[in-house]
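The values are calculated or read from the model by the stated rules, or taken from the named source; none is laboratory data. Here the structure is a predicted model, which is why all the values come from computation and not from measurement. Here Cβ is always computed from backbone atoms with ideal geometry, including for glycine, and neighbour counts include all displayed protein chains.
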Amino acid sequence: MYRLFPDPAIESQTAPTSHQRLVARGFDAAYDNALNLGPDAVIQSIQAIRLGGRGGAAFPTARKWLSVKNEMEAIKYVVMNADESEPGTFKDRELLLRDPLAPLTGLLIAAHTVGAEKAYVYVRGEYRDVEMRILEAIQELTATGWVGPESVSIEVRRGAGAYIAGEETALFNSIEGYRPEPRVKPPYPTAQGLFHKPTLIQNVETLANIALLFAHDVDWFRAVGTAATPGTKLVALSGHVAHPGVYEVPFGIELGALIADHQYGGGTGTSRPLKAVLMGGAAGTFLTPMEAMQARLDYVDLAKFGASVGSGAVMLFDYGTDLGRVLTGLARFFADESCGQCVPCRIGTKRILEVLEGQRLWERRADLEDLARAMTDASICGLGQTAANALVSAMNRPSLWEEPAAI
Ligand SMILES: Cc1cc2nc3c(=O)[nH]c(=O)nc-3n(C[C@H](O)[C@H](O)[C@H](O)COP(=O)(O)O)c2cc1C
Ligand code: SF4
């Protein structure tokens, strides 16, 4: 499926940052359409396609745009979050390399809609090639007259290697020159965000969907996906998978198809069968192969299994996998990346790691569950609140720990 990703014909004939590409993809028309419609109609269209944020939490996009638009402050900001530092998540990188004009068009439409004259792109520090692509695309948009002092200016900021800097308020602190520590919410970014001004922050993929919506229309957008979640999702397949990579798929696709079909994952790619699927990234939920075969890529459907689409990371593990080691690796990641600002997360992530490194998971199961509850209930931000998700989901699925009947 080619919507967010350009059709191969366009891709092969036009450079990703060229004016020709802007026209071929319909983004020049999208920009004009959105500006002609005006802020209220733009937000109504976003509401009509039920666009949820693609950065992980699926928060209704229209609601954020309306809140920022309605703020009476003279200075407002829009931010593209391209920090993308969670293990297994690499879809924004692919999107920005292949078509940076899509999210940048969405970012400019956002600025005009909410009344911001300045936009920021916060890009993961290790993504130097992506940053170059973004800068080239901004040059093209400057030549087009969309970017500049008379319109909207865009500044690109590079992250410095901290996963926590992707959390929206930590990201604001990072841009402001402070340590990337999350702020207590409320106040929410829509009221007091970057430099304590009303701020709209969106994921790269969310903004690319905005460009597509106004390059076409609501009916076109809703023609794929489900009624509850129209459109497509970028999915990053990794781990034991024959064809790892980023795929654009309609919401509602069966996870089984995504994992096994040859046009997508093509199975484990090893001689061993599938043992587990980590759905939604490092802070996601482990599913058994049976659950994965029953589930669809859809928020409501995955919720039945206690899982979520998250940022679209799907990691596969075959029967050669030592699940305890995988969980220890995840625990080490969260313990390393915790900013240390609040106790439940600072101490909780370390305690979980100690238990797992000491191979005492089953002996200390009740303690781990207590820790997970405290972290979920009392941590300041999403990192601490979700750091134990994968562990708890794995402990609750005894079949993940069994050897297969026959390999
Ligand atoms: C620890 C942590 C890391 C995050 N990293 C990212 C990220 O790299 N990219 C992103 O878009 N959102 C990330 N988020 C979510 C952002 O805080 C925010 O919700 C998102 O950028 C909003 O955009 P969306 O509504 O378009 O998804 C992260 C959240 C947490 C708690
Ligand atoms: S939950 Fe963790 S990462 Fe988030 S503020 Fe607290 S210590 Fe920092």
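Within segment 168-183, work out how many residues are more than 17 Å from residue 338 (Cβ to Cβ), more than 12 Å from ligand 1 (Cβ to nearest atom) and assigned to a helix (DSSP H, G or I). Summing the residues that are more than 17 Å from residue 338 (Cβ to Cβ), more than 12 Å from ligand 1 (Cβ to nearest atom) and assigned to a helix (DSSP H, G or I) in segment 168-183 gives 2. So, of the residues in segment 340-359 that are closer than 17 Å to residue 395 by Cα and among the polar types (S, T, N, Q), which turns out to be farthest from ligand 1 (Cβ to nearest atom)? By that ranking, first place goes to 359.
Listed by first and then second residue, the pairs with beta-carbon distance under 8 Å, at least 6 apart or on different chains, first residue in segment 326-337 and within 15 Å of ligand 2 (Cβ to nearest atom), second β-branched (Val, Ile, Thr) and part of a helix (DSSP H, G or I), are 331/349; 331/352; 334/349; 334/352; 335/349; 335/352; 337/164. The residues in segment 369-407 that are outside any helix (DSSP H, G or I) and either at pLDDT 95 or above or under 20 Å from residue 309 (Cβ atoms) (or both) can be counted, and the count is 7.
Step by step: first the residues of segment 130-154, then only those that are in a helix (DSSP H, G or I) and polar (S, T, N, Q), then the one that is farthest from residue 120 (Cα to Cα). Which residue is that? Here the answer is 144. With respect to the conditions (1) surrounded by 15 or more Cβ atoms within 10 Å (Cβ to Cβ); (2) away from ligand 1 (no atom under 16 Å from the Cβ); (3) modelled with pLDDT of 95 or more, residue 290 lacks only one, and its number is (1). If you take the residues of segment 360-398 that are among the small types (Gly, Ala, Ser) and in contact with a Pro (Cβ under 9 Å, 6 or more places away or on another chain), which of them is farthest from ligand 1 (Cβ to nearest atom)? Here the answer is 374. Quick check: is even one residue across segment 354-361 within 30 Å of residue 94 (Cα to Cα), among the charged types (D, E, K, R) and part of a helix (DSSP H, G or I)? No, there is no match, as no residue in segment 354-361 is within 30 Å of residue 94 (Cα to Cα), among the charged types (D, E, K, R) and part of a helix (DSSP H, G or I).
Of all residues in segment 353-398, exactly one satisfies the criterion of being of a type in the set (Gly, Ala, Ser), surrounded by 12 or more Cβ atoms within 10 Å (Cβ to Cβ) and more than 27 Å from residue 185 (Cβ to Cβ), namely 394. If you go through segment 324-339 one residue at a time, do you hit one that is touching a Phe, Trp or Tyr at 6+ places or on another chain (Cβ under 6 Å), within 16 Å of ligand 1 (Cβ to nearest atom) and either at pLDDT 95 or above or under 23 Å from residue 165 (Cα atoms) (or both)? Yes, the conditions are met somewhere in segment 324-339. Please enumerate the residues belonging to segment 36-89 that are within 16 Å of ligand 1 (Cβ to nearest atom), free of Cβ contacts under 8 Å to residues at least 40 places away in the same chain and of a type outside the set (A, V, I, L, M). Those that are within 16 Å of ligand 1 (Cβ to nearest atom), free of Cβ contacts under 8 Å to residues at least 40 places away in the same chain and of a type outside the set (A, V, I, L, M): 47, 59, 60, 63.
Summed over segment 260-282, the residues that are touching a Gly at 6+ places or on another chain (Cβ under 8 Å) and surrounded by fewer than 22 Cβ atoms within 10 Å (Cβ to Cβ) give a count of 3. In segment 262-300, the residue that is nearest to residue 386 (Cα to Cα) out of those that are touching a strand residue (DSSP E or B) at 6+ places or on another chain (Cβ under 6 Å) and part of a helix (DSSP H, G or I) is 292.
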